[in-house]
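All of the numbers you see were taken from the coordinates with simple rules; none came from a lab. Quick caveat: nothing in here was measured; it's all calculated off a predicted structure. Reconstructed Cβ throughout: ideal geometry from the backbone, glycine too, with neighbour counts over all protein chains shown.
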Amino acid sequence: MDDSRRSRANVDPITRINIFDFDGTLFASPQPNHELWEDPLFGYLKADTMIFKGWYQHRKSLSFDESIRRRRWKGWWNNEMVDLVRESVKHPNSLTVLLTGRGYSEFHHIITDMVERKDLKFDVMGLKPDQNTIKWNLCYKSSIIQKVGDMKYEELIRNETSLVKVDMMENSEHLEEQSNRSNSSRKKLKSINTRVTTKEFKLMFISELLEHHPSVKSIRLWDDREHHVKCFQCLFDDLKSRGIVDEAIAKMVFLPIRYFDPYQEYLIVQAMIDDHNKEVERFSKAQANESSRKFSLGKIQLVPREYYYNRYVYTKFAIQLEGVNF
């Protein structure tokens, strides 16, 4: 090993992890506008198992026109979080992590393009895997070599983690045991066929980061969902009580709700429904295939509904299923 390679292999270990959520935390991602959709449809849009993959798993939910892209989404970023990311990544002993429930195949290129245009750098970018297996070579960025060295980087990217559907405390009870394991090329964890939730994915991702970097003594996390923040803080308190880390804080982030232009949002929802109907049709042709996805809703279509209030008329959209209105 030459001197430069040896010196990078002996860099001080990571002692702090800073984790940033994307939607509603780092970036004011547009949400479905309740004023446009009747209550049942609005709920279906935000779920990830009712209409295709749901709003937050459909790539068009982050589709901005070229004028906004050229301005690097000015006005959509949380500048306070942007500054924290830039400060974090400068520190040689800090691991700066973007962690989101957005799916890897749909959003890896989109979100990577967005953060790069904003001149943001992360040591790790964790997007929810498509097949319940975290492939760490897709998460760790090669720039981390300057912090952990070549040998450690090669070791990290050989890892794969099969996600286990566990609740918060079950996950935390195994963290200490996991942190004492030797690193291996593949984690021998029980696989399941059902999709894990975003919360479950993030919990396992954090626990694996601690296993990868056992010298970590401080974790800070920023997220916009209150129930997620409470869950993470409960986990963090457990880690502190058992001496795994000295400091662990989950912080709540508040951003104003943003929407697309109503017509653009209508087109996005129509695209979601078109994709949903195609999946339903494919499933109906392959019901014998156990791996095929089952749908709670059959083929659906948007239907306008007029409402009258104080002599004003306004329209909301509902969905119609096989002749039955919701």
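Of note:
- When each of the peptides 40-48, 94-102, 255-263 is scored by how many other beta carbons lie within 10 Å of its residues on average, the order from highest to lowest is 94-102, 40-48, 255-263.
- Simple label model, 7 Å out from Cα along Cβ direction - residue 320 to residue 151, nm: 6.9 nm
- Annotation: the residues 139, 234, sorted from fewest to most other C-beta atoms within 10 Å of their own C-beta, follow the order 234, 139.
- Order of 247, 160 - criterion: other Cβ atoms within 10 Å of each residue's Cβ, fewest first: 247, 160
- Packing-based exposure ordering (other Cβ within 10 Å, fewest first) of 249, 273: 249, 273
- Shape of the range 13-121, Cα gyration tensor, a/c cut at 1.5: prolate
- Entries of 202/299; 53/152; 46/316; 46/141; 118/316; 152/230 with Cα pairs more than 28 Å apart: 202/299; 53/152; 46/141; 118/316; 152/230
- Cα gyration tensor category, rounded, prolate or oblate, for the range 94-161 with a/c compared to 1.5: oblate
- Fully extending the segment from residue 73 to residue 303 would add 79.5 nm, taking 0.36 nm per residue of separation and subtracting the current Cα-Cα distance.
- Label-reachable residues, the range 47-64, where backbone N falls under 17 Å from a point 7 Å from residue 263's Cα toward its Cβ: 64
- Cα shape, the range 71-113, gyration tensor, a/c 1.5 rule: oblate
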